[in-house]
Amino acid sequence: MPWYRRLLPFMGPAFVAAVAYIDPGNFATNISSGASLGYALLWVIGASNLAAMLVQVLSAKLGIASGKNLAEVCRERYPRGVVLGMWLVMEIVAMATDLAEFLGAALGFHLLFHIPLLWAGLLTAFVTFFILGFQRFGFRPIEIIISVMIGVVAICYLLEIFLVRPDWGRIADSVLNPRFGGHEGTLLAAGILGATVMPHVIFLHSALTQGRIVVRDPERLRRIFRFEVIDVAIAMSIAGAVNGAMLIMAAATFFAQGFHEVGTIEEAYRTLTPLLGNASSVIFGISLLASGLSSATVGTMSGQIIMQGFLRTHIPLWIRRLVTMLPSIVVIAVGFDPTNTLVISQVVLSFGLPFAVFPLVSFTSDSNIMGVLVNRGITTAVAYCLAVAIALLNLYLLYILLFAGG
């Protein structure tokens, strides 16, 4: 049998996880970064994507080796008080995630079809319920739907890059000469990190691989893991390219034309038309809508995994969908700025990352849990360095916000 046919049964989990890496929160942070600082933070996207690949590989490996997801292993290994605390943190993260995804899809409907934002939010809820209904037929239909939506977003941004004709010399300079660009750049970098390495999807990915193909033979375990690494590499490369294209589009269009204050998704949509023509804004709106609907579906699935894993209980999917979308409806009804809310939600996500990454590295380094798939020493060292770097960036961000007027 050809290698690609052997690979196909293992393809899918990483694509579901990758949706979280191109959700509307990424639109908000990447557009804000590109418009205000040009190509300066493109290197942050690249570094964050490499970190995301490592984290998602470890998450998938935990599910394959242990037959349990990250939340379940936390429940087994940590004291009850710690488990409850982690569950609360992850629920806050799940709400911040859902806020970004729901608002993004609602904005997509609003911008494309000129529906009032509140009605667009209700339409988003209905469509998300419809997509989630396919779960009754197994994991494959959901994976196919989400993979198609990822394809839509990727194609849209390929077209956008063709339209904007970016400065490749400045792109190379950003990658080769990393810099933050002051307090604003650090805040946006933390938002990019929070939007790229997503805590809720770390829990979800381990659940998607935990019972997909159950084997105990060491060699077969290694083979399954190798296939999953390929799945992660392909899916996350696409997600990273889309993220980079978002920032490049904003830098080449808004920053280059002097529109440094284009900080909202709505402004970006409106400004693209006079700069690049009507087609560009329509492509942008379609990509935002596909991103919002697919990531809202994944966010609800993640919330179920987190609750079930930590508390050994779950609530009907439609109730969770209703509860998690309420903050988004409130934000829309009260009239908060959607894009600022999206950026703040991504910063909240970055603060939740250490609570997912540190346990993940710890568990995947334990041979009693992982068996033959236990981390190598270099993998553990790199992963812990990543976790510490995330924690330090968040502490610095907290200092800026509280004491430096950021």
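Restricting Met53, Met86 to those that are modelled with pLDDT of 90 or more, among the aliphatic types (A, V, I, L, M) and within 12 Å of the chain's Cα centre (by Cα) reduces the list to Met53. Checking the stretch 365-376 against the condition returns a match, with at least one residue being at positive phi, small (Gly, Ala, Ser) and at pLDDT 85 or above. Determine whether Leu62 is buried (at least 24 other Cβ atoms within 10 Å of the Cβ), modelled with pLDDT of 85 or more and either in a helix (DSSP H, G or I) or out of contact with any Leu (no Cβ under 7 Å at 6 or more places or on another chain) (or both). For Leu62, the condition - buried (at least 24 other Cβ atoms within 10 Å of the Cβ), modelled with pLDDT of 85 or more and either in a helix (DSSP H, G or I) or out of contact with any Leu (no Cβ under 7 Å at 6 or more places or on another chain) (or both) - is met. Of the residues that make up the stretch 134-142, is at least one among the polar types (S, T, N, Q) and either crowded, with 16+ Cβ neighbours inside 10 Å or free of Cβ contacts under 8 Å to residues at least 60 places away in the same chain (or both)? Checked against the condition, which is being among the polar types (S, T, N, Q) and either crowded, with 16+ Cβ neighbours inside 10 Å or free of Cβ contacts under 8 Å to residues at least 60 places away in the same chain (or both), the stretch 134-142 yields no hits at all. Within the group Val93, Val73, Val16, which residue is modelled with pLDDT of 85 or more and either part of a helix (DSSP H, G or I) or surrounded by 24 or more Cβ atoms within 10 Å (Cβ to Cβ) (or both)? Criteria check complete, one pass: Val73. For the stretch 191-218, the set of residues classified as over 15 Å from Phe351 (Cα atoms) and either modelled with pLDDT of 85 or more or of a type in the set (Val, Ile, Thr) (or both) consists of Phe203, Leu204, His205, Ser206, Ala207, Leu208, Thr209, Ile213, Val214, Val215, listed by residue number. For the stretch 76-90, taking the residues that are surrounded by 14 or more Cβ atoms within 10 Å (Cβ to Cβ) and of a type in the set (Val, Ile, Thr), the one that is farthest from Ser287 (Cα to Cα) is identified as Val83. Would you mind stating whether Phe109 is crowded, with 18+ Cβ neighbours inside 10 Å, part of a helix (DSSP H, G or I) and among the aromatic types (Phe, Trp, Tyr)? Yes: the conditions hold for Phe109. Assessment of the stretch 186-207 against the conditions (of a type in the set (A, V, I, L, M) and without any contact (Cβ under 8 Å) to a residue 24 or more places away in the chain) yields no matching residue.
Checking Ser147 against (1) surrounded by 17 or more Cβ atoms within 10 Å (Cβ to Cβ); (2) within 22 Å of Phe310 (Cα to Cα): exactly one of these is not met. Which one? Here Ser147 meets the rest and fails (2). At least 2 residues being touching a Phe, Trp or Tyr at 6+ places or on another chain (Cβ under 6 Å) and at pLDDT 80 or above is the threshold, and among the helices (runs of 4 or more DSSP H) wholly inside the stretch 276-357 those reaching it are 278-311. Scanning the stretch 359-389 for residues that are in a helix (DSSP H, G or I), free of Cβ contacts under 8 Å to residues at least 40 places away in the same chain and not β-branched (Val, Ile, Thr) yields a total of 9.
The values are calculated or read from the model by the stated rules, or taken from the named source; none is laboratory data. Note that the coordinates shown come from a computational prediction; the quantities given were computed from them, not determined experimentally. No Cβ is skipped: glycine too gets one built from the backbone with ideal geometry, and neighbour counts run over all protein chains shown.
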